[in-house]
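Below is one structure; the comments refer to it alone.
The values are calculated or read from the model by the stated rules, or taken from the named source; none is laboratory data. Here the structure is a predicted model, which is why all the values come from computation and not from measurement. Ideal geometry is used to build each Cβ from the backbone, glycine not excepted, and the neighbour counts take in all protein chains shown. For the accessible areas, the whole protein counts, side chains as well, though only heavy atoms, and no ligand, DNA or RNA atoms are used. Shrake-Rupley method; radii C 1.70, N 1.55, O 1.52, S 1.80 Å.
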Amino acid sequence: MSQSTSHITVPPPLRDFLAGTMGGFAGKLLDYPLDTVKVLLQTQHATHGGTSSAHVAGGNKPPVIYRGAWHCLRHTVETKGVSGLYKGLSSPLLGSMAENAVLFWMYSHCKRWVAFASGGTDPIIAAHTADQRDEENMTLLQLSLAGAGAGFGAAFVLTPVELVKCRLQVQNSMTSGFRVYSGPIDVIVQTIKTEGITRGLYRGHMSTLLREIPGNFVWYGTYEGVCKLMIPPGGTKSDLGPGAHLLGGALAGVGYWTAFYPADTIKSLIQVHPDHSGRGFFEIFKTVLQEEGVRGLYRGWGVTAARAAPAHAAIFTIYEQSLRWMS
């Protein structure tokens with residue numbers, strides 16, 4: 001009797017792309033409800049009339065509605081139901097799949113180019129033969145630099161996706177004026193029509209770059225560092241089991257969001273509030289710092305780190321297992 005196999009053969013250049021897609025799908029399903037809480041906490045001052053210099057001049061701080069992550073979560077469920085936590089999921093779900101597909105695909109290619117710059121195999125040949133010998137000898141710094149390069153590329157996918165996500169999430173808050181969108185497509189159409197592509201869909205792109213480049217330097221560096229520490233003597237990364245991937249992914253997720261969290265706060269403000277149109281990243285950064293202090297820049301970090309651990313553990317574990325399944 002023939003025995004079936006659970007593996008399929010996929011061309012090497014496509015493996016990272018498809019495995020990243022699967023990881024992004026799993027991670028976003030775990031991640032999204034607390035991501036909604038994070039965005040509501042970050043933007044609650046803006047949705048009360050905006051974070052502007054007028055507040056500083058008048059000596060008044062913007063009113064605070066949510067007392068913390070738990071209050072925000074409970075209020076959203078009580079007033080909007082559990083579905084309120086998943087409002088706008090379709091766009092970020094597809095976006096997460098696309099982002100992680102591009103991110104892991106670019107990371108794979110960046111690793112080969114970094115290795116090539118250090119005297120390794122031609123990256124084009126390595127990509128088509130799935131030769132990983134150079135990658136296994138890369139230092140942690142080289143792997144982290146490859147991650148930063150991947151983050152730069154992924155930012156071009158992330159910015160419009162997160163703009164749609166944030167606007168749909170914020171219009172559900174009790175104070176927001178963004179109550180005009182019927183869904184992700186409507187956000188895209190209205191944004192392009194009224195704001196254009198560069199100043200509309202790519203609004204907040206600089207903030208995304210400032211988050212993604214250092215964030216992915218830390219993300220991949222932490223994950224690869226944990227993997228290197230857990231490789232058995234005389235073994236390779238392929239000898240690691242799901243436990244190592246789960247631990248590495250969880251720590252990497254917390255590290256990613258800790259690297260430069262204020263950039264994400266500023267990005268959310270830029271993308272959801274019309275008063276910030278035309279204002280630069282550092283101008284808004286300074287305003288938030290003056291009005292709310294460092295705490296304002298890190299609002300929502302706790303819930304973000306809490307959601308990042310399981311979500312990113314899932315991303316890396318599904319990614320690694322998918323790679324093995326396709327090899």
Residue match in the range 168-180 (condition: under 30 Å from Ile65 (Cα atoms), among the charged types (D, E, K, R) and at pLDDT 90 or above): no
Subset of the range 247-272 [farther than 25 Å from Lys286 by Cα and touching a residue at least 60 places away in the same chain (Cβ under 8 Å)]: Leu247, Gly248, Gly249, Ala250, Ala252, Gly253
Leading residue by the ranking (surrounded by the fewest Cβ atoms within 10 Å (Cβ to Cβ)) among those in the range 283-323 that are of a type in the set (D, E, K, R), over 24 Å from Val164 (Cβ atoms) and in contact (Cβ under 8 Å) with a residue 40 or more places away in the chain: Glu291
Residue selected from the range 229-282 under the condition in contact with a helix residue (DSSP H, G or I) (Cβ under 9 Å, 6 or more places away or on another chain) and acidic (Asp, Glu), by the criterion surrounded by the fewest Cβ atoms within 10 Å (Cβ to Cβ): Asp275
Selection within the range 155-164 - open to solvent by less than 10 Å² (accessible area, probe 1.4 Å) and more than 14 Å from Asn100 (Cβ to Cβ): Thr159, Leu163, Val164
